[in-house]
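The values are calculated or read from the model by the stated rules, or taken from the named source; none is laboratory data. Just so we're clear, the structure is a prediction, and the values are computed from it rather than from any experiment. Cβ: placed from backbone, ideal geometry, glycine included. Neighbour counts: every protein chain shown.
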Amino acid sequence: MPSRVVWIHPEAPPKPELGAPCNGCGLCCLSEPCPIGVLVSRRTTGPCTALEWTSTSSRYECGMLTHPTRHLGLPGVKRLSPTSLLNRLLRRWVTRMIAAGIGCDAELSASVSTSQPDSPSPSSKDNR
């Protein structure tokens, strides 16, 4: 597999071992979107647009699990409360579709680089 650079927030936790619980490292979603991420991001390569950095817990979170309607691109639904019925139903469906809670399935490895990116990365956004 060819190597490529994925810029990760410096405070992100290290990638867990395969099968270990997700710790919010973000490596999987920064390298490519999952099937739900492809629908939301409208792309098959690059970082998922629904990935959110949460500074309060120093981890990445899937926006489709925290506030799904904010990422659908549909007029009017972005302002729905995260606890609305539609968000709760979407969250339940997305949890099953991406196998959230099953464990890390990203067969990726990461190494530290000291060089800086030429442009801002999606990991530098604080969406919360």
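Among the residues making up the stretch 1-54, a single one is closer than 18 Å to His67 by Cβ and either of a type in the set (D, E, K, R) or more than 14 Å from the chain's Cα centre (by Cα) (or both): Glu52. Taking Arg43 as the residue in question, decide whether it is without any contact (Cβ under 8 Å) to a residue 40 or more places away in the chain and basic (Lys, Arg). It is true that Arg43 is without any contact (Cβ under 8 Å) to a residue 40 or more places away in the chain and basic (Lys, Arg). Cβ-Cβ distances below 9 Å connect the following pairs, each with a first residue in the stretch 95-109 that is in contact (Cβ under 8 Å) with a residue 60 or more places away in the chain and farther than 14 Å from Gly24 by Cα, a second residue that is of a type in the set (D, E, K, R) and surrounded by 11 or more Cβ atoms within 10 Å (Cβ to Cβ), and a separation of six or more residues or different chains: Leu108/Lys15; Ser109/Lys15. Annotation: of all residues in the stretch 105-128 being of a type in the set (Asp, Glu) and at pLDDT 85 or above, the one that is surrounded by the most Cβ atoms within 10 Å (Cβ to Cβ) is Asp105. Please work out which residue is modelled with the lowest pLDDT, limiting yourself to the stretch 56-104 and to residues that are under 16 Å from the mean Cα position of the chain (by Cα) and at positive phi. Among those that are under 16 Å from the mean Cα position of the chain (by Cα) and at positive phi, it is Gly101. Quick check on Thr69: is it under 19 Å from Cys34 (Cα atoms), touching a residue at least 12 places away in the same chain (Cβ under 8 Å) and among the polar types (S, T, N, Q)? Yes; evaluated as a whole, the condition is true for this residue.
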